[in-house]
Amino acid sequence: TISHYLAHKFYRELRNNTIRRFSIVVWVSFLVSILIFAMVASLGFLTFGGSCSGLILNNYSSKDKIMSLSRAAIMISLLTSYPLNFTGMRDSVMDLAGVEEEKRSNTLFLVVSISLLSIVTFLASITYDLRFVFAFNGATWGNALIYLMPTFMFLKCAKKMPELKKEIAFVRSTGIFGIVMAVIGTIIAIREI
């Protein structure tokens, strides 16, 4: 699961938390994840070639007992990571609404949690094809996170530094590229419905 928005919580909970120790934990975690994903992707492609499904488990028979255990492991992973992702979403919604930490009572947490869970559950109940969700999410939020938000942050900081004309031009072109990629990705995602 992608939980970058919980990094500050992970840092606070790290024993003897220093930036150096946290950096080591992050690097090792990413390297292990990359190796596992690369191995699974390579073996999946070597097994099924070009007809490989986006979710590799879909290529295996539903009667395959080992793959059924893998499907169960995926389900457990999704169920156990959901509270972490939900906490990040709930906290972000309250941040965007301008609710200060001191004013976040148990009652408010309960109301916001029930409201968000209701919306998420409703959307999940009407969504049958997750390919669109992933494609649309990547086209919009992925591009925003990779191209647009860093562009906005840099341009805001660079207002006070007019000597960075070349850098500002490059960063603006990166932002425009992000917008173009978001539009193209969104159009492709919608066409695939």
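Are any of the residues in the stretch 35-54 open to solvent by less than 70 Å² (accessible area, probe 1.4 Å), closer than 30 Å to residue 178 by Cβ, modelled with pLDDT under 85 and touching a Gly at 6+ places or on another chain (Cβ under 6 Å)?
yes
Could you please give the count of residues in the stretch 99-110 that are surrounded by 10 or more Cβ atoms within 10 Å (Cβ to Cβ) and either within 25 Å of the chain's Cα centre (by Cα) or acidic (Asp, Glu) (or both)?
3
Looking at 90, 191, 131 in this structure, which one is of a type in the set (Lys, Arg), out of contact with any helix residue (DSSP H, G or I) (no Cβ under 9 Å at 6 or more places or on another chain) and either under 28 Å from residue 58 (Cα atoms) or surrounded by 15 or more Cβ atoms within 10 Å (Cβ to Cβ) (or both)?
One residue alone meets the criteria, 191.
Could you say which residue among 85, 16 is open to solvent by less than 100 Å² (accessible area, probe 1.4 Å) and polar (S, T, N, Q)?
Answer to the selection: 85.
Considering only the stretch 41-59, I want to know if a residue exists there that is under 24 Å from residue 10 (Cβ atoms), within 24 Å of the chain's Cα centre (by Cα), part of a helix (DSSP H, G or I) and polar (S, T, N, Q).
No, there is no match, as no residue in the stretch 41-59 is under 24 Å from residue 10 (Cβ atoms), within 24 Å of the chain's Cα centre (by Cα), part of a helix (DSSP H, G or I) and polar (S, T, N, Q).
The values are calculated or read from the model by the stated rules, or taken from the named source; none is laboratory data. Just so it is clear, the structure is predicted and the values come from calculations on it, not from any experiment. Please note: Cβ atoms are built from the backbone with ideal geometry, for glycine as well, and neighbour counts cover all protein chains shown. What goes into the accessible areas is simple: the full protein's heavy atoms, side chains included, and nothing from ligands, DNA or RNA. Shrake-Rupley method; radii C 1.70, N 1.55, O 1.52, S 1.80 Å.
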